[in-house]
1. Binning at 10 Å from 0, report for chain A what percent of all alpha-carbon pair distances ends up in each bin.
2. Determine, for each peptide in A:292-299, A:238-245, B:73-80, the mean count of other beta carbons within 10 angstrom over its residues, then list the peptides with the highest first.
3. Which cross-chain or sequence-distant (5 or more) residues have an amide H under 5 Å from the amide H of A:V168, H modelled 1.01 Å from N in plane?
4. Long-range amide H contacts for A:I319: which residues qualify at under 5 Å (H placed 1.01 Å from N, peptide plane, sequence gap of 5 or more or a different chain)?
5. Can you pull out the cysteines in the protein assembly as shown that have no other Cys Cβ under 4.7 Å?
6. Can you give the average number of partner chain beta-carbon atoms within 10 Å of each beta-carbon in peptide B:100-110, as a whole number?
7. Express the C-alpha Rg of region B:135-278 as a ratio against the empirical globular expectation 2.2 N^0.38 Å, rounded to two decimals.
8. Using θ = phi - 60° and the Karplus form 6.51 cos²θ - 1.76 cosθ + 1.60, what ³J(HN,Hα) does each residue of region A:262-276 get, whole Hz, x for Gly and Pro?
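What follows draws every value from the coordinates through simple rules; no lab data is involved. None of the values given here were measured: they were computed from a predicted structure. Every residue, glycine as well, gets a Cβ built from its backbone with ideal geometry; the counts of neighbours run over all protein chains shown.
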Amino acid sequence: MTSQLPNSFRSGPDERGHFGIFGGRFVAETLMPLILDLEKAYADAKADPSFQREMDGYLKDYVGRPSPLYYAERLTEHLGGAKIYFKREELNHTGSHKVNNVLGQIMVARRMGKKRIIAETGAGQHGVATATLCARFGLECIVFMGAVDVERQQPNVIRMQMLGAKVVPVQAGARTLKDAMNEALRDWVTNVSDTFYCIGTVAGPHPYPMMVRDFQSIIGAETKAQMQAAEGRLPDSLVACIGGGSNALGLFHPFLDDPTVEIFGVEAAGHGLTQLHAASIAGGRPGVLHGNRTYLLMDEDGQIQEGHSISAGLDYPGIGPEHSWLHETGRVTYLSATDHEALAAFQLLSRLEGIIPALEPAHAIAKVMELAPKRPKDHLMVVNLSGRGDKDIPQVAEILQAAQK
Amino acid sequence: MTTRIDTRFAELQKQGRAAFVTFLMAGDPDLDTSLALIKALPKAGADIIEIGMPFTDPMADGPAIQAAGLRALKAGTTLKKTLALVQAFRRDDDATPLVLMGYYNPIYIYGVDKFLVDAKKAGVDGLIIVDLPPEEDSELCLPAMQAGLNFIRLATPTTDDKRLPAVLANTSGFVYYVSITGITGSGSADSAVVGEAVERIKRHTKLPVCVGFGIRTPEAARDIARHANGAVVGSALVDALAKSLDNDGRATASTVGAVTELVRSLANGVHAAQQAAE
């Protein structure tokens with residue numbers, strides 16, 4: 001691709017929500033006025049110092065931020081190369097980075113006077129975070145979840161229900177994350193006046209990709225300060241897994257204009273890139289779905305294909321539009337890890353560091369296992385440990401038992 | 001530029017009646033049956049024909065049209081085959097306006113310029129693309145107008161007076177008023193409320209206004225036709241089609257008849273309504 005390099009990688013999107021050719025507002029007319037309202041409400045909130053002050057209070061005392069930047073000594077020794085740090089987003093309240101964004105959106109929803117919150121969820125982490133904050137602020141919460149994901153992520157379904165949310169199993173299509181998002185959009189079109197749609201990743205129509213990125217950028221901002229305190233300099237590389245890409249963009253964004261920092265996003269390669277997978281950049285091309293133009297998995301006729309990954313949080317057939325742009329400009333390198341590689345990383349990390357990661361960041365760890373040994377010992381590598389693995393334990397146990405037979 | 005749509009509305013106005021607009025999904029349940037159905041529509045009373053372009057992720061559609069799209073895709077329908085269907089229809093009918101309705105991605109992937117050339121050549125008169133609001137007019141709306149196709153916009157209950165001019169600015173052919181906030185096939189609108197909404201839109205445009213979403217019976221169609229220049233029925237026809245299929249979702253001997261019979265009775269409802277003098 002021959003895109004002209006921008007002066008800054010951090011100035012997007014433009015006023016129409018575009019990152020290069022990506023992004024935009026491809027929604028039904030019924031939703032358009034709502035999206036314009038949200039854009040204005042978010043701009044107002046951003047300009048209001050009391051909004052950030054209130055957020056900071058909840059981030060500290062309710063979410064438990066800042067999350068630690070931890071030197072993973074045994075993994076570093078085991079791999080024998082780069083010095084590896086974990087950004088411990090799995091230690092946040094609710095067990096993943098998702099809560100950073102949900103807190104922000106719920107605060108915006110409260111400013112807009114919306115009482116009914118809807119969300120889509122894949123692995124259930126975004127659903128749990130949304131259910132949690134709705135409980136905290138006394139809001140009605142409805143979570144759309146593909147029926148297949150309801151089956152494979154039972155612990156999170158139960159958590160959401162305990163928190164008072166209504167979980168709606170979606171039977172349409174392949175019954176996974178993409179279909180949950182369709183169903184959430186259908187609900188929103190129907191319940192326009194009182195409903196706020198809390199999108200869980202850096203996708204959807206403008207202003208969602210920008211707003212979710214902004215709320216997640218606390219990950220990278222903290223990392224920058226923590227690395228400065230620990231090592232007195234910037235890291236040399238960043239690694240994060242990508243479904244829609246919110247944990248990745250949250251880590252990456254504050255570093256995009258630091259040219260010495262190498263940045264790697266890791267997509268889910270499922271059974272392998274020539275078979276069933278969920279790697280939109282490696283195996284897809286630009287198209288339009290769910291309100292934005294971005295890399296998508298589709299057939300020759302423009303029909304969307306199902307993503308496949310062992311991780312319910314990664315098997316979305318698209319990716320946030322800003323990632324598509326960062327790919328085309330070459331600022332971020334996108335890699336992919338297979339189900340098999342992620343499982344191996346899941347086990348290695350559990351035994352070496354006493355940290356059971358979610359299957360999503362296990363994909364990032366899998367690529368760290370390849371990248372780190374090739375880097376010198378003074379190379380500082382940060383990987384976003386975006387979620388904890390509690391939710392995946394039954395599924396992984398079943399797979400490992402089946403493999404032993 | 002005068003399209004078949006403009007000509008049809010001029011004729012109907014002379015006759016003092018509203019347009020009956022039908023929606024069926026291209027290739028549902030298979031391409032041959034679909035062609036037979038579409039060919040039968042004008043005789044059964046359809047004044048304007050909307051044909052859905054199937055898409056895997058129809059975000060504004062309810063269960064009936066979602067299922068229709070999946071049946072069509074399963075039967076191998078592609079955008080190219082949808083255009084071939086239009087071309088086949090046009091061999092015998094050069095008057096009935098034909099509008100393609102759907103989502104943007106299949107057109108984007110086909111290639112906008114190539115699509116517009118091929119659609120025009122096949123005999124398409126207008127486009128309704130659900131996920132292209134005026135904010136994205138440069139994508140397809142403006143090129144379509146240049147190519148001589150009507151770009152028919154949806155106006156909804158959330159489109160307020162402040163926004164209406166933007167929605168109507170590049171709209172041509174007619175305005176499609178979505179009478180409820182919701183997905184296709186859900187709920188039904190009160191005809192008095194719809195009447196007020198149509199009047200509101202007419203204060204901003206001279207274009208005909210057709211009303212859709214939630215019209216299922218001849219009586220409802222008649223009530224809407226009293227207030228608007230046209231009534232659109234989709235999900236009810238698709239439901240009738242679905243009920244006529246066998247257990248494997250294939251067409252039966254009764255499929256075409258079941259749909260055309262409903263079209264006939266709905267058309268009678270629409271045509272029974274006297275149009276208010278313009």
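1. With 10 Å bins starting at 0, P(r) equals 5, 25, 36, 26, 8, 1.
2. Working: A:292-299: 25.0, A:238-245: 31.1, B:73-80: 18.5.
Order by mean packing, descending: A:238-245, A:292-299, B:73-80.
3. Sorted by chain and number, the residues that satisfy this are A:V143, A:F144, A:M145.
4. Those qualifying (amide H under 5 Å, at least 5 residues apart or on another chain) are A:Y295.
5. Among the cysteines of the protein assembly as shown, those whose Cβ sits 4.7 Å or more from every other are A:C198, A:C241, B:C141, B:C210.
6. Mean number of neighbouring Cβ atoms from other chains: 5.
7. My calculation over the Cα atoms of region B:135-278 gives 1.16.
8. Karplus values, whole Hz, x for Gly and Pro: 7, 10, 10, x, 10, 8, 8, 8, x, 7, x, 5, 8, 10, 6.
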